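The values are calculated or read from the model by the stated rules, or taken from the named source; none is laboratory data. In this text the structure is predicted, and so the values were computed from the model without any measurement. Cβ coordinates were reconstructed from backbone atoms using ideal geometry, including for glycine residues, and neighbour counts include every protein chain displayed. SASA here: full protein model, heavy atoms, side chains in, ligands and nucleic acids out. Shrake-Rupley method; radii C 1.70, N 1.55, O 1.52, S 1.80 Å.
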Amino acid sequence: MNYDPNRVIIFDTTLRDGEQSPGHSMTTSEKLDVACALESLRVDVIEAGFACSSPGDFEAIDTIARTVREPAVCSLARCVESDIKAAAEALRHAKNKRIHVFIATSPIHREFKLRASKEEVITRAISGVRYARKFTDNVEFSAEDAFRTEPDFLVEVVTRTIEAGATTINLPDTVGYATPDEYAAMIRDVRSRVPNIKRAIISTHCHNDLGLAVANSLAGVQAGARQVECTINGIGERAGNAALEEIVMALRTRRDVYGPVSSIDTTKLVQTSRTVAGVTGSHVQRNKAIVGRNAFAHESGIHQHGMLANPETYEIMRPEDVGFAASDLVLGKHSGRAALRERTRKLGYDIDEGTLDRAFAEFKTFADSRKAVDDDDVGRIVARHCAPDQKMDGAII
Ligand code: KIV
Ligand code: ZN
């Protein structure tokens, strides 16, 4: 398969794996809003749903397939003809389409879920891929629970599904059990032992049960994977999937370590995160990496002093690069004189050191009893201590 080794394909599954998690279901029109946001973010593939799972999912995939032009639109399907037919039907108006077929390969899933032998699993996987190829030459095969699959069997499944026509091979850590070294070792093993592996792109799909989804996905990239499956805000089954915004910014910020980058317009990350949080009603934690409210906020005096002198003292990315307007120097009980001086200037006061001392003493007492101090509070405090000529035109109070 021809691909650019310097680029990682971003496969977004917010609308499928993300939506599958409790409390995250979306209407067709909400899904369309998210799909449009993902298109302007420039993801490569949008997994829009699981066509046969419900009429609503089918309708959403169909609507997205008719609307989105740049990214490939994808539907999930089991290795079952009726599933694959539904996926193909829902995708028929897509400019670029992908059918994503999967079957579980691990011993525990074979025994307790599928009640199928290794041979049956391989037969079903091959016929699923072959059937999907009748509708498109862009077929992804996932070996569900790949990480807990016997390595020799995984090599066989991957070899046979590539032979059958799969162009992307996804190796999920379905239950979020892997560590980064182990996950990378699985990818390296498949790359070195599957004879036809060059005909497919290897993909990561990591769940976050141990908080390792992003680290495992990045380890997969270092081991040669060139597609990453991820979701906005990391939503997904149980503890979620690898967070798209974290993967993309890690690839970009630490290119020296990882090498390949994505095509994502990173300046749209915050906006897309807010769109997904808005439609799912699931708020983003304040300290969430990249898109959380505190990701570029500083309250402590020492940090604020450093930030005012040179933002690189405490920031490794520029807020504008992910879509925040600027860093946020939050005033609170940990803040110092430098930040108060800066804020009073912004609010329209030109105060001398003595006035600043008095205002700062009152500010500290006031801030001790508050979570944060806003501009109105600062204005009132400074106004009590400054002379009329220290107040410039346009001062807020
Ligand atoms: O976690 C998983 O294994 C999946 C597959 C269906 C790709 O979501
Ligand atoms: Zn998953």
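Observations, loosely collected:
- Among helices (runs of 4 or more DSSP H) entirely within segment 305-383, having at least 1 residues that are of a type in the set (Lys, Arg) singles out 337-346, 353-368.
- Lone qualifier among Ile162, Ile201, Ile169 - being within 22 Å of Leu218 (Cβ to Cβ) and surrounded by fewer than 24 Cβ atoms within 10 Å (Cβ to Cβ): Ile201
- Extreme residue, modelled with the lowest pLDDT, among residues of segment 259-286 that are open to solvent by 50 Å² or more (accessible area, probe 1.4 Å) and over 15 Å from the mean Cα position of the chain (by Cα): Gly281
- Failed item, numbered, when Gly301 is tested on (1) under 17 Å from the mean Cα position of the chain (by Cα); (2) open to solvent by 10 Å² or more (accessible area, probe 1.4 Å): (1)
Residue-wise test of (1) away from ligand 2 (no atom under 16 Å from the Cβ); (2) under 18 Å from Ile46 (Cα atoms); (3) in the same structural domain as Glu312 (by TED's automatic domain parsing).
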| site | (1), (2), (3) |
| --- | --- |
| Cys230 | no, yes, no |
| Thr253 | yes, no, no |
| Thr266 | yes, yes, no |
| Leu269 | yes, yes, no |
| Gln285 | yes, no, no |
| Val291 | yes, no, no |
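- Condition met for Arg199 (more than 16 Å from ligand 2 (Cβ to nearest atom) and free of Cβ contacts under 8 Å to residues at least 40 places away in the same chain): no
- Breaking point among (1) within 13 Å of ligand 2 (Cβ to nearest atom); (2) without any contact (Cβ under 8 Å) to a residue 24 or more places away in the chain, for Val175: (2)
- Any hit, segment 81-102, residues being crowded, with 23+ Cβ neighbours inside 10 Å, assigned to a loop (DSSP other than H, G, I, E, B), in the same structural domain as Ser262 (by TED's automatic domain parsing) and away from ligand 1 (no atom under 13 Å from the Cβ): yes
- Restricting the first member to segment 364-379 and to residues that are surrounded by fewer than 13 Cβ atoms within 10 Å (Cβ to Cβ), and the second to residues that are not in a loop (DSSP other than H, G, I, E, B), the beta-carbon pairs closer than 8 Å and six or more apart or on different chains are Arg370/Asp377; Asp374/Leu331.
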